[in-house]
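Okay, so here's the structure we're looking at.
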Protein chains: 2
Amino acid sequence: MLPKIGIYKFDIESYLCDFKGNVRLSLIGDYILHAATLHAQERGFGYEEMIKDNCTWVLSRMVIEIFEYPQTNDTLVVETWVENVSRFFTQRCFRFLNQNQKIIGYAHTIWAAININTRKPIDILAWSPEISSYVGDIQNFPIEKNCKIPQVHNDNPVFYIVKYSDIDINKHTNSVRYMEHNMDMFDFSILNEKNIRRFEIMYSMESNFGDKLSFYKQEINPNEFLIEIKKEDVSICRSKIIWE
Amino acid sequence: MLPKIGIYKFDIESYLCDFKGNVRLSLIGDYILHAATLHAQERGFGYEEMIKDNCTWVLSRMVIEIFEYPQTNDTLVVETWVENVSRFFTQRCFRFLNQNQKIIGYAHTIWAAININTRKPIDILAWSPEISSYVGDIQNFPIEKNCKIPQVHNDNPVFYIVKYSDIDINKHTNSVRYMEHNMDMFDFSILNEKNIRRFEIMYSMESNFGDKLSFYKQEINPNEFLIEIKKEDVSICRSKIIWE
């Protein structure tokens, strides 16, 4: 049996960085999904095994805290482990280190598994009993895992049509693309002067090619924003973003 | 001295693929830039060396032909070499192979080098005489390198404001983001039924955060399209896209 914890390294190339030379938060999102994919695949409950049964993993919630952003030529080390598994959800933790083994952040994710044809949840424990043997509360995990994000109050949405680049192999808008759309709602001044310290997102519905979405943003406290993405008045995802 | 040709391997993970399971053309664009970056860096004329002198490489033109798209779990092998260098431009070739050593495409790029403060071209041969020693016409190169792309005729542009995710470490819209915006101008039917066989792009001006751009598309022949991106009536980049 492989160790419960999986460790993956990513080299930060300049073309992966934003205008400040920081790795983009959405790229950290990509690395989270990639590390989760590899960890699950190596242990027999990954995408390739699921798709044989017409199933796939779907990200339901994610919290990311970054204390120090990796920059060009840095290496980001992503550690991940399964924290918990129940019938319809599994929880996975992440710890981020830089090349000097300094802890620079954490993330926590909640996943469901769905049938790709019915889009309905499947029973995870029935599909993969072996996932339970990898559950372990391995590292000290100091960040708040909960994300309860209220409805956003704003009457002036930005409209957006879902395009080719938004859609992934699961034929819906990729979870990380919502993060990019979130980032793109901020002004240059805040992007230039501050970094996102904490990012929370909860996904409640899928969107597909050609869907007309509305993006709503609300500042609830200084440096604290909510963003909601809706399709015809139904919430697709909500985020809470804290800058510092 | 390192060999003239550089060989780089990229693993195609599922989250990097489009809704058909094909690697996105824009990702091939990323790999082209990444392979060029590594090749130049290893040979002493890369981004890190240039930035010490306040200079950077800027992509001027690119042609990509793909005969067979890599899919999830494939490995893409990118070979690159410097074909030519003159005072203000250097030309670089790419050959793409799959994991079975089958040639699946080619690309050709033309680069300028600019001072990041004045945004004016610098003399490449004066800056790095050693680049000349790596020039070599190494592989048979069967695709048409020229890209002369005419002005686009269309009176109904799509408008777009340049956002955070568009801007890279050079503080302008990333070359590959224009490719994504190009792809996003096509309907589902053509994206679903065909693949891009040949993609040409020429960059003539930079765009920056907050710029209002207009995207124009014109079908000049069956399966053959032109796209032009303008800022206040000045051309930023033009593309020609052939589907098959």
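The values are calculated or read from the model by the stated rules, or taken from the named source; none is laboratory data. Just so you know, these numbers come straight off a predicted model, no measurement behind them. For neighbour counting, all protein chains shown are included, and Cβ atoms are generated from backbone atoms with ideal geometry for every residue, glycine included. Accessible surface areas use protein heavy atoms only, side chains included; no ligands, DNA or RNA. Shrake-Rupley method; radii C 1.70, N 1.55, O 1.52, S 1.80 Å.
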For labels at B:LYS20 and B:TRP127 in the simple 7 Å Cα→Cβ model, what's the distance in nm?
3.8
Spin-label point model (7 Å from Cα, Cβ direction): what's the B:LYS171 to A:ASP233 distance in nm?
4.7
On the protein heavy atoms, probe 1.4 angstrom, tell me the percent of accessible surface of the protein assembly as shown carried by carbon and sulfur.
48
Taking amide H positions as placed in the peptide plane 1.01 Å from N, state which residues far from B:ILE167 in sequence (5 or more) or on other chains have amide H under 5 Å from it.
B:ASN174
Given a cut-off of under 8 Å on Cα pairs at least six residues apart, what relative contact order in percent is computed for the stretch A:1-69?
22
With 0.36 nm assigned to each residue of separation and the Cα-Cα distance removed, A:LYS212 to A:GLN101 gains 35.6 nm
Please give the per residue accessible area of chain B, computed with a probe of 1.4 Å over protein heavy atoms only, in Å².
42
With the 8 Å Cα cutoff and a minimum separation of six or more residues, the stretch A:145-223 has a relative contact order in percent of 58
Name the residues of the stretch B:177-210 whose accessible area, probed at 1.4 Å, falls by at least 50 Å² once all protein chains are in place instead of their chain on its own?
B:ASP184, B:PHE209
Shielding of A:21-33 by partners, i.e. mean partner chain Cβ atoms within 10 Å per residue?
1
Quick check on the stretch B:199-244: take the gyration tensor over C-alpha atoms, sort the square-rooted eigenvalues as a ≥ b ≥ c, and tell me if it's rounded (a/c under 1.5), prolate or oblate.
prolate
Roughly how many Å² of A:ILE190 are accessible to a 1.4 Å probe, to the nearest 10?
30
From the label point of B:GLN101, set 7 Å from Cα along Cα→Cβ, how far away are the matching label points in the other copies, in nm, ordered shortest to longest?
4.2
Shielded by partner chains, the stretch A:6-20 residues - at least 20 Å² of accessible area, 1.4 Å probe, vs chain alone
A:GLU13, A:SER14, A:TYR15, A:ASP18, A:PHE19
Students often get this wrong, so check it: of A:LYS163/B:LYS217; B:LYS120/B:LYS171; A:LYS217/A:LYS240; B:LYS120/B:LYS145, which have C-alpha atoms separated by over 18 Å?
B:LYS120/B:LYS145
In a Gaussian network model over chain B where Cα atoms closer than 10 Å are linked, find which of B:VAL78, B:VAL63, B:VAL162 has the largest mean-square fluctuation.
B:VAL162
Expected unfolding gain across A:ASP53-A:VAL158 under the 0.36 nm per residue rule, minus the alpha-carbon gap, is 33.9 nm
Roughly how many debye, to the nearest 20, is the charge dipole of the stretch B:64-107 about its Cα centre, given +1 on each Lys and Arg Cβ, -1 on each Asp and Glu Cβ, and no other charges?
180
Restricting to DSSP H runs of at least four residues, report the calculated mean residue ellipticity at 222 nm for the protein assembly as shown, -39500 (n - 2.57) per run over all residues, nearest 500 deg cm²/dmol.
-5000 deg cm²/dmol
Sorting A:ASP11, B:ASP74 by accessible area (1.4 Å probe), largest first, what list results?
A:ASP11, B:ASP74
From the phi of every residue in the stretch A:5-14, what ³J(HN,Hα) in whole Hz does the Karplus formula 6.51 cos²θ - 1.76 cosθ + 1.60 yield, where θ is phi - 60° and glycine or proline is x?
8, x, 10, 10, 10, 10, 8, 8, 7, 4
Please report, for B:ILE7, the nm distances (one decimal) from its label point, 7 Å out from Cα along the beta-carbon direction, to the equivalent points in the remaining copies, shortest first.
3.0
If you add up the charges near B:LEU76, with Lys and Arg at +1 and Asp and Glu at -1, over every other residue whose beta carbon is less than 13 angstrom from its beta carbon, what do you get?
-2
Please give the total accessible area that chains A and B bury against each other, computed with a 1.4 Å probe and expressed in Å² to the nearest 100.
3200
Amide hydrogen neighbours beyond the local backbone of A:VAL58, cut-off 5 Å, H modeled
A:ALA112, A:ALA113, A:ILE114
Please label the shape of the stretch A:127-244 as rounded, prolate or oblate, based on the square roots a ≥ b ≥ c of the eigenvalues of the alpha-carbon gyration tensor (a/c under 1.5 means rounded; beyond that, a/b larger than b/c means prolate, else oblate).
oblate
When only Cα pairs under 8 Å and 6 or more residues apart are kept, what is the percent relative contact order across chain A?
19
Can you give the extra length, in nm with one decimal, that the chain gains between A:LYS145 and A:ILE5 once fully stretched, where that is 0.36 nm per residue apart less the Cα-Cα distance?
48.5 nm
Along the stretch B:137-143, Karplus-curve 3J(HN,Hα) (6.51, -1.76, 1.60; θ = phi - 60°) to the nearest Hz, with x for Gly and Pro, reads 8, 7, 10, 4, 10, x, 8
Measuring from a point 7 Å out along Cα→Cβ, what nm distances, shortest first, does A:GLU144 have to its partners in the other copies?
6.0
For the stretch B:56-135, shape from the Cα gyration tensor axes a ≥ b ≥ c, cut at a/c of 1.5 then a/b versus b/c, turns out prolate
Inter-part distance where the stretch A:59-94 and the stretch A:145-221 are each reduced to a Cα centre, Å
19
A:PHE67-B:ASN192 FRET efficiency (beta carbon distance; Förster radius 45 Å; 0.05 resolution)
0.55
